[in-house]
Amino acid sequence: MKSKGSPFKIAVIITLVVVILLTVLVIMNKNQSKDEQEMSFGETPSIEGQPIIGDPDAPVTVVEFGDFKCPACKAWGETIFPQLVNDYVEAGKAKFSFINVLFHGEESKLASLASESVYKQSPSAYWEFNKALFDEQPSANHDSQWVTTEKIIEIASDINSIDIDKLKTSIENNSEINEVKKDTELVNKFDVQLTPTIMVNNIMIEDPFDYEEIKLAIDQALEEANL
Ligand code: CA
């Protein structure tokens, strides 16, 4: 009798353990996918005083948290950004802004100080400078030092509306450090961990290279704006 009962009991216990483990796994998995989907914040990053492409009154705000030293940011600017501009910015549906992230140390900081300075003296030159700086990022060895004051002056010299002496003085005096700090506060506020990080209004896009995901978020935001 004993020898019959024991294997049965063991089988019941094993079955129970397996069921409990499976249940726990399913619950964990559900929570995980919930986390991945729920990338929404209570508010849209404020782009007051930030460089903007597009109609400032456009209903949707797209923000890139980017770093001039980051190869993925260069790639994003060359592949996804032109589509975004073509489909939404030029149509007046979305405006776009770039917030500096300093994940690569002193060079990120120097590039940010310089671009903030360019923006301050000539807002219309900012985006040309932003693109020219990314264009200079070497495709190999991007970790090697390439952002220098000399390089910045060289790039800026090709853009007509930039006053080079003003730019030099601004860089030497860290004049725009408060603008760079303001950007870092946004980076911290929205807990940006990777560059580029793209936000559509209050939604943080999970994969910045998934243009369909960006489009979906913008289309949803446009629908909400029309309600
Ligand atoms: Ca800024």
- Matching residues in segment 41-55 (open to solvent by 50 Å² or more (accessible area, probe 1.4 Å) and within 15 Å of the ligand (Cβ to nearest atom)) number 3
- Looking at this structure, is Ile162 open to solvent by 10 Å² or more (accessible area, probe 1.4 Å) and of a type in the set (A, V, I, L, M)? yes
- Message: I'm checking my understanding of the structure. Among residues of segment 92-115 that are open to solvent by 60 Å² or more (accessible area, probe 1.4 Å) and away from the ligand (no atom under 16 Å from the Cβ), which one is nearest to the chain's Cα centre (by Cα)?
- Response: His104
- If you take just the helices (runs of 4 or more DSSP H) that sit entirely in segment 84-183, which of them hold at least 3 residues that are farther than 22 Å from Pro45 by Cβ and free of Cβ contacts under 8 Å to residues at least 12 places away in the same chain? 149-157, 164-172
- Query: Within segment 116-131, is even one residue surrounded by 17 or more Cβ atoms within 10 Å (Cβ to Cβ), among the aliphatic types (A, V, I, L, M) and either under 14 Å from Cys73 (Cα atoms) or away from the ligand (no atom under 16 Å from the Cβ) (or both)?
  - Reply: no
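The values are calculated or read from the model by the stated rules, or taken from the named source; none is laboratory data. Just so it is clear, the structure is predicted and the values come from calculations on it, not from any experiment. A quick note on method: Cβ atoms are made from the backbone with ideal geometry, for glycine too, and the neighbour counts reach across all protein chains shown. The area values use the complete protein model at the heavy-atom level, side chains included, leaving out ligands, DNA and RNA. Shrake-Rupley method; radii C 1.70, N 1.55, O 1.52, S 1.80 Å.
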